1. Based on alpha-carbon centroids, what's the gap between region B:344-412 and region B:237-268 in Å, whole number please?
2. Report the relative contact order of region A:3-231, percent, no decimals, based on alpha-carbon pairs under 8 angstrom and at least 6 residues apart.
3. If I model chain A as equal point scatterers sitting on the Cα atoms and use the Debye formula, what is log10 I(q)/I(0) at q = 0.09, 0.13 Å⁻¹?
4. If I take every Cα pair under 8 Å that is 6 or more residues apart in chain B, average their sequence separation and divide by the length, what percent do I get for the relative contact order?
5. Where in chain A are the DSSP H helices whose C-alpha atoms run 27 Å or more along the long axis and whose mean Kyte hydropathy is at least -1.0?
6. Which of B:791, B:295, B:660 sits farthest toward the positive end of the charge dipole of chain B, with +1 on the Cβ of Lys and Arg and -1 on the Cβ of Asp and Glu?
7. With N residues in region B:385-505, what two-decimal value do you get for its Cα radius of gyration over 2.2 N^0.38 Å?
8. When the label point is put 7 Å from the Cα of residue B:473 along its Cα-to-beta-carbon vector, which residues of region B:496-519 have a backbone N closer than 13 Å?
Amino acid sequence: MITAFLTDSTLCIGCKACEVACKEWNQVPSDGYHFTGFSYDNTVALGHSTWRHVKFVERTAGVAAPIDGTAGYRSNTFRWDFSSDVCKHCSNAGCLEACPTGSIVRTEFGGVYVQPDICNGCGYCVVSCPFGVIDRRPEDGRAFKCTFCYDRQKAGLAPACAAACPTQSIQFGEIGELRAKAAARIAQLRERGIDDASIYDPQHTSVGGTHAIFVLRGRPEDYNLPSNPEVPTVHLRDGWSSAAVAAGLMLLGTAAAFFMQRE
Amino acid sequence: MALQDLANADAILIMGSSMAENHPVGFRWVIKARERGATVIHVDPRFNRTSAMADVWAPLRAGTDIVFLGALVNHVLTHGLEFRQFVVAYTNAPAIINDDFKDTEDLDGLFSGWDPEQRQYSPDSWAYKSSDPKVGHEDGHGGHAKDRGGEASPMAHDPPRDPTLQDPRCVFQILKRHFARYTPAMVQEVCGVPPEAFQRVADAYIRASGPERTGAICYAVGWTQHSTGVQTIRTAAILQLLLGNIGRPGGGILALRGHASIQGSTDIPTLYDVLPGYLPMPTFAGDGTSLDSYIAKHRLPRGWWGNLDRYIVSLLKAWYGDAATAANDYGFDWLPRISGDHSHFGYWLEMADATGTIDGLFVMGQNPAVGAPNARLARRALANLKWLVVRDLVELETATFWLDSPEIARGEMRTEDIATEVFFFPAAAHTEKDGCFTNTQRLLQWHERAVEPPGDARSEAWFMYHLGRRLKARAAADQRPANAGLNALTWNYRTIGPHAEPDANDILQEINGRRVADRSLLPGFHALESDGSTSCGCWIYSGVYPSPDRNRARERKGQGRYGQGWGFAWPADRRILYNRASARPDGTPWSDRKKLVWWDRANREWVGHDTPDFGKRKAPDYVPPSGATGDEALRGDAPFIMHADGMGWIWVPSGVKDGPLPTHYEPLESVIPNQLYSQQSNPVADRKERPDNPYAGSPLDPRYPHVLMTYRLTEHHTSGAMSRTLSHLAELQPEFFCEISPELASNIGAANGQHVTISTPRGSVVARALVTARMRPLRVHGRAVHQVGLPYHWGYRGLVRGDVANDLLAISEEPTVRIFESKGLVCRIEVRGPRSEVRDPRAEVRGSEVRR
């Protein structure tokens, strides 16, 4: 079965249980004790030691909270949005394509998995991820990211983050079902007058859709998600074509130089 | 009410709680309700994670909840929005009150019966008209027990009633006059809430009333930790009774408890004024002379508490076994007696004063060096002990106050001067021991040991059992009368495992109760007797272990709307208390949509989605025969069976020490004069003012112009001992911070992330400023009032450390349950050091591409 996450930020209460459950299950180390001053977010972004990350978006429009009773979930001007980010497990995964050792593989569940015993720490994957997810751990050198709880899935369990989520903001299941659920959810939200919600599942770009689908309010960029993520390998054809043209021209030039000399 | 039942509500008012943050798992039911179309309302000084999930958020100045709720009550009454049939049939609104009662409206903030010398009320004039002999207060009595300190009047007869609710002396009319000045304009002036916000809340919430709709109220320590805490909850109870939102699906008041089994620790209490099952603790006064005098005072002639004799005798039989006989009052004289204020603060102040009355202290599952109000005083008090036993998962601040407390760092105490001998014992975690939690909704849930505790770590039960065993061995060798109770105590739990753990099943069976003759387990509290033939450690839990092979707390097959079959909800597995009120007086449901239990005419019994909280076969038209006592003396349409009149109490005739109705008083420290009465703060609250527990001037001490409140974050647990020691949690909120508005930050010249100093007369702390538009000044009494929010999770040990927020708080006692005031005191805030020293941490993060 091809599985996926559906992270519905309209149900997220910002409790970070997913971050903690992920770290506990996967025994991910701390990545430091730094107060950031960014709302309630002190783990900042996904990285080598943060595989689930809850983003806190204070939508205050630069003004004080309105006290007329309008601020909150239904407001379009004063809200506090939370969304739990995770590796997208892209259908066309930049990291996987860039990995020269074969450490990064696609699993039978459709996820993208880094085999830590094979990874040699070259870091090609890090620059190839259109989402900035995969990351090398400095003290170790190897690259780490969400495993999609491959071990749990093998045992028929949901990933730790989804299991820990108290409000079903993180759902886990068969990808087709979740895509349908996401579409139904958007329709339901619209019906309730919440018209700024949309599905984030970039199927139209070269990543070809992801195995982590999101329901978000506002722009994807607000949550550190690119609107048009591209896999670096899409530039390969252009790159190789340019190289071929360049090589041809050089060859021509060289040939011409010999020819001219003989003249 | 049950957490799951929130999903059935049409509106949920969360106030005095950030439920999404501190009860995230239970909050799933709020989300579920919202997804089903319920309106979620959050009233809170801060726009926090709960507000973010709510449809409507209204801020208010901390400590003004009674004005806000009172205005909701007033709104209901002036617009005739009460659920009239419910109010007339099921509440004491029609009851006529004594002629000599005078309201706070008449006496400018005091009720009749005020004794300025003793600084307490005599509740005589609060009684129902021509009802009962005089009732009175007894010194030292707290308010946790069934009748709030032995003060409830017996109410042998029904008071005169006016079902039209027109009599000027009936509760309904008195209530109307009492709250008449609690208007939206007053809410604006006192709470800082504009009328349009109040109107939104009122419209959204009050709509959830009547036969077809219900609304629920959730609160936590944002309501309790005030000098008027009990009365705030009373106001909510009045509102819910007026709206007919008690005992019905999706209705009720949910007291959110802050830790696992805090509910359990009041049921089987760690409180000084209650015995298990809310039986009052005897005093040295009248009720303590003999078992008969105790029963005479506390057993009510009518209602369920008519069974009190069965419960106290069975409790004594559980504790003293064969040594408890009718001849020796079942060992009643071996029970301790209350002789003064033995509450938490009573004994801490005694310790601080080094009165010599307290030699040693056991601290388990608590970290008073960080978590107690006026923690500075608490740490200094610890130094006066001869010995201190601390049992916990980690060596927390309380165990090392002598080594690394701020007092040592500041040179106020020196380690070599502290004579306290500290014993630190590692404790087993819940995964390392069998046992039982009783959570927020009175649900007992069993947990099993997964692994043996490491090293010397042991369970609390192990510690208490073996300590008791050793003490009993000593007492056996010393037969002085003082040791008689200890010698008589039953202490024979089966032990299991490599560490001789007492079997938790054995303990729960003792709590469940047995027939003394054959030691067979009891099916429930209905089987308890007052002749010594039964034993029961806590009557409300009886039925949890009805047979040796059936531990109902351990059952995990939830069925039906309320998950019956998953755990055991006391009493008698009832998930919704007073659910008789979900049916009309004639026993039919108020509506099909809101049916819960109803009278089955054919089979002549109560049936429905929950265990009926009512006599199973007591017909709706039952009228008690003359001379009936106990539950049989209550009519078939009187749902509130724990009260002697069977009614929900809008009016509390006695038992609450600061009045029969809630009244707004400003917090003990306040930034404005009381706008309603010249009585500034709760006259009965005990400020415990002394040089090491000083107060700011009130109203408005110019040195402390801002409102201070403390609270918790999702990422940490209380004093932080369980979360600051774990990297996965510590990194989520790694530093002590305060939340302030951009306006306040600009007033004091603070940038986001800068270190600021927050001071009160008790002390000062340094925290990082988290400047956010989620905090905002409120316009109160003609000026902008700023509120400073302070999570209190940090201390001087652990992976992440910080100053102790509780150093800022005062020890004070609300009169009825002696809770302290942690919300709504006053403070000063200023930038520490020159501004150039500190940069915005966000710039650091951006600049260095974080730390990876």
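Just so it is clear, none of the values below were taken in a lab; they were calculated from the coordinates. Only a predicted model underlies this, so the values are computations on that prediction, with no experimental measurement involved. Every residue, glycine among them, receives a Cβ derived from its backbone with ideal geometry; neighbour counts consider all protein chains shown.
1. 33
2. Over region A:3-231, the number comes to 28 percent.
3. The calculated log intensity ratios at q = 0.09, 0.13 Å⁻¹ are -0.47, -0.86.
4. On the way: 1934 pairs, mean separation 134.4, N = 852.
About 16 percent, as a whole number.
5. Flagged H segments are A:234-262.
6. Of the candidates, B:791 comes out farthest on the positive side.
7. Taking N as the residue count of region B:385-505, the ratio is 1.36.
8. No residue passes the distance filter.
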